[in-house]
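All of the numbers you see were taken from the coordinates with simple rules; none came from a lab. Just so you know, these numbers come straight off a predicted model, no measurement behind them. Note: ideal-geometry Cβ built from the backbone for every residue, glycine included; neighbour counts use all protein chains shown.
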Amino acid sequence: MSDPVIQLKGVEKSYPLKGGRSWVLRQVNINVNQGDFISIMGPSGSGKSSLLNILGLLDSEFDGEYSLAGEKVNGTSEKQRKKLARDHIGFIFQHYHLLDDLTVYENLDLPLSYRDVSAAERKARVGDVLDRFQIVGKKDLYPNQLSGGQQQLVAVARAVITEPAVLLADEPTGALHSTQGKMIMDLLVELNGQGMTIVQVTHNPEYAARGNRRVELFDGWLQPVAE
Amino acid sequence: MPIRREQAPVQAGPISPPAWQELEESSDNQVQFAGVMQAARTMRRNGEAGAELLQVAEVSGDYFEVMGATPAFGRALDSGDQDADADSAAVVSAALAQRLFGSASSALGQDLRLDDQQVVVVGVMPSALADVMEEDLWLPARFQLRHQSRGNNYIRVLARLQPGFAAEALEARLAAVVTRWESEYPESHLGMRLSVHGLLDWQTRDVASMLWLLQGAVLLVLAVACANVANLALARLAGRRRELATEAALGAGRAHLMAGSIAEAVLLGLGGLVLGLLLAHFGLATLKLLASESVPRLSQLQVGPQAWTMAVATTVFATAISGLLPAWATLQMGGAEGLRGGRQDGADAIGGGWRQTLVAGQLALSALLLVSCLLVLLSLSRLAAVDPGFDTSGVLTGRISLPAVAALEVDGEGSGYERMLEASVNNARFLDDLLREVRAIPGVEGATAIDSAPLTGNNNWNGEVSIVGRDYAVGTAPTVEWRWVSPTYFDTIGVPVSRGRLPSTAADARETVINQRFADEQFAGVDPIGERVAWWNDEYEIVGVVGDVRQWSLGRDTSAEMYFRYGQAPSPETTTLILRTGMDPLSLTEPLRRKLQEVAPDTALFALRSMQQIEARSLSQSAFVGQLLALFAVTALLVSAVGLYGLLSFSVARRGQELGVRLALGATPAAVRQLVLNEALKLSVIGIGTGLIGAYFASRLLASVVYQPGGSDALAYLAAGLALAMIAAIAAWTPAARAAGLPPMRALRAD
Ligand SMILES: Nc1ncnc2c1ncn2[C@@H]1O[C@H](COP(=O)(O)OP(=O)(O)O)[C@@H](O)[C@H]1O
Ligand SMILES: [Mg+2]
């Protein structure tokens, strides 16, 4: 078996709080392998988003060791971390975070525009993704012309268009009705089936069960869930 | 109301004694006319040495009634004083009374000698009227004793209209009179028109357009400031969006929702009013200093009830303007959209659009002001670079009265000419002697005289002349400005003789030199030398052509001129001494004064100025406008920069989440910074572009203060555009850098 895509060793995260520190993550150790579909569960405020931010390299202020795709994250420059993130990470958010004044097409093109991809290649990839996610008919619409489920669909498409090694999803179904939620979960399972590594945060035990591993966070402490 | 004779080609002027007499006799219960002749007279006090030149107005009997002016002491002049055999009475200004007799009241009954006329002071004017009636002394006019020719125009006319009789009615009445004159005396009156003006309008005519221009500039600055206040209020509102929406949802009424915005605007307005009035109070002195050379009636300027009223009105207006928009936006936000928690909602979009428009508008107005300011400054530099036609360095000028004055004529035309010519011959002799003495003053390299110094526009005589041998239809003879000079004038002042020679010094010679302009206009392709010009009772042979000199001001082209020698033609009774020196010319004022005291104690010397001072005065109006516009432009620029900065800061705060998403999707900080800069760029291009286009159209309003608009003006647009773009870039940089430094996860979390 190859090295894990994500390897966390003794990761700790804290915020200064008057006189002391407030701990958000304590001694987190986890290995995520190629092709894993991991669900993180836990009560509100337990540190799930904080963990995902660290995994997504949006947050570099933590203690412990983190290597992504075999490369050490700690101690590298901001620039290198940005590059690592660009090369390996895709993000889905609870509130979709599509850009309101860009069309679906432009939203999909956005991550590519920040990478070194030729115009022709960008066109091809956006077309490809529109096709794969069956949203060709929506490409000229603006986000507020779409339902929540459709918006999240676009957000997933936008996350995978760069073909990341890892897809990070922070409560991707949190704002959706159950049918739409199911649709998004089906999509994630399908992507996982095609070989994409996924780490999702969810409150829904049913959705959590669709991953191959579940972990739980309590007050910053990570523990595996018995199968 | 001043009445002016308009008759081509001379622009505007007074009327002749016969014409005046008809007008005076037509005074009735609807309109009352007064005639005034202005003159400079040399005053000596009985039993005292020294002489002084006074600005004197010889006025008709109704003058004081028409002006509505009552003396503070004594009586006014009336028609009885005009009788040739009445005792000579005079009314003096408060300032003159104060200076001569120590107090206004003690002037009554005192004797004064004006030239060789003895007068008694019968009245003293109040000092409050000094700005309207600028003379030192008023004498009864005896127009009936003067040359009664209809071509001899020197009486200024004023009229008082009774209530209910409009200026238009007076114009109609005058038009009828002129029509009759035209048919009866076509040689004098063909093409003439009498125009009626308001007294205040007339006194401020030279600066009216400049003052309107400045008024416009002030309004622009006000607009920029209002836009900024509205903008700030909108930004604050956007911050309170949720709160307002919740209040609205809980049933708060419109009035309640708007109350905050309005209270805020009113408070700001009041603060602004107080600060503004304080500033006006303390800034006025500076303003008076800046404008001293270019604005009439300046001493009357004060922060009084009128200014207070204006300030309050302006404040109310500005408050309404800058408070209304936010209040209206509040109502929009009070609607349901406010609560719909999406990232961007309708209310933000509305406020945002307005805010962008406001900032672009501010930039546009600033561009307009900046271009105007630069155009004026460029024009100023062009003006300063104008070649006046002579060497202005090391020149001192001072006006003097001449001793020989032709007595008033009593009878025919010829004898008046003879007497004036005789006076001129005597004055020429006097000048030759005086100038010889003046040249002996240490440091003086040359001394000469001309009736009025270049660049001053003072005391000019002009009129029609005819070139002998040419036939002219009525009213088509060339109009020429006449000058009188001492023999050394051209050499001393440095004006080249381009053809021929100077007039001979023989007293009985009748020779003239003309300027290049005259030669070009009347002798194109012909040699003017040897041609003869008929002027008054004589013919003058053109013996030379001299270079053009800017006689009126740097900004005004030279007219056709002919120069007489003193003593060869009747001449004005004051002249200007011109001293050339290698030293500071002003250091010669005291030696010159002493010399005059010594060799010609009866001669009044006044208006001593270096030519450089005169040149500066010639530039002063443009300089004044330039300085004020610069002040306005800089103010507008700073306010706009703050506006842009505020808008972008707000926008960065509002777009925090969007920027976070972009960063999470792989945007580099540089890309995010560029995003904010692009917003600034868009606003700047639209704002500055609009402003520059607007400035192009507004620039014609500058015509009154801009000298020879031309090629280099493109520079003003370019420079203004660049300067504004730079300032916009500086204002945008901090918010842009802040955006680039946003930690993505913080941006994502903030909801
Ligand atoms: N910038 C911050 N400063 C201080 N505390 C923070 C900050 N961000 C998050 N926290 C705290 O960290 C804890 C974990 O938050 P989070 O990771 O968002 O939890 P979850 O996503 O599991 O609901 C919470 O108690 C939250 O209050
Ligand atoms: Mg969370």
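Points to keep in mind about this one:
- By the Stokes-Einstein formula, at 1.567 mPa s and 4 °C, the protein assembly as shown with its Kirkwood radius over alpha-carbon pairs has D equal to 36 µm²/s.
- Between helix B:254-291 and chain B: long-axis angle, C-alpha atoms, 0 to 90°, nearest 10: 30 degrees
- Note: relative contact order over chain B, using C-alpha pairs below 8 Å and six or more positions apart, is 16 percent.
- Sparse-neighbourhood loop sites, GluC sites (Glu not before Pro) in the stretch B:41-92 - DSSP loop, at most 10 other Cβ within 10 angstrom: B:Glu48
- Lysines whose Cα lies under 19 Å from that of A:Lys182, excluding same-chain neighbours fewer than 8 positions away: none
- Peptide B:652-665 has a mean shielding of 5, counted as Cβ atoms of other protein chains within 10 Å of each residue's Cβ.
- Sequence-separation-based contact order of the stretch A:6-224, relative, with Cα cut under 8 Å and 6+ spacing, percent: 32 percent
- Helical content alone sets the calculated 222 nm signal of chain A at -10000 deg cm²/dmol, taking -39,500 (n - 2.57) per DSSP H segment of four or more residues and averaging over every residue.
- The count of lysine pairs in the stretch A:1-144 that are at least 8 places apart or cross chains, and whose C-alpha atoms lie under 23 Å apart, stands at 17.
- Dividing the helix sum by the residues of chain B, where each DSSP H run of 4 or more adds -39500 (n - 2.57), gives a mean residue ellipticity at 222 nm of -16500 deg cm²/dmol.
- If you take the Cα centroid of the stretch B:673-699 and the Cα centroid of the stretch A:178-227, the two points sit 51 Å apart.
- Three-way shape label, the stretch B:395-583, alpha-carbon gyration tensor, a/c 1.5: oblate
- Shape category assigned to chain A from the gyration tensor of Cα positions, a/c cut at 1.5: prolate
- The protein assembly as shown, dipole about Cα centre (Lys/Arg Cβ +1, Asp/Glu Cβ -1), debye to the nearest 20: 5060 debye
- Projected label distance in nm at B:Val526 and B:Ser498, using a 7 Å step from Cα toward the beta-carbon: 1.8 nm
- Dipole of the protein assembly as shown computed with +1 at Lys/Arg Cβ and -1 at Asp/Glu Cβ about the Cα centre; of B:Asn515, B:Ser105, B:Leu648, farthest Cα towards the positive end is B:Leu648.
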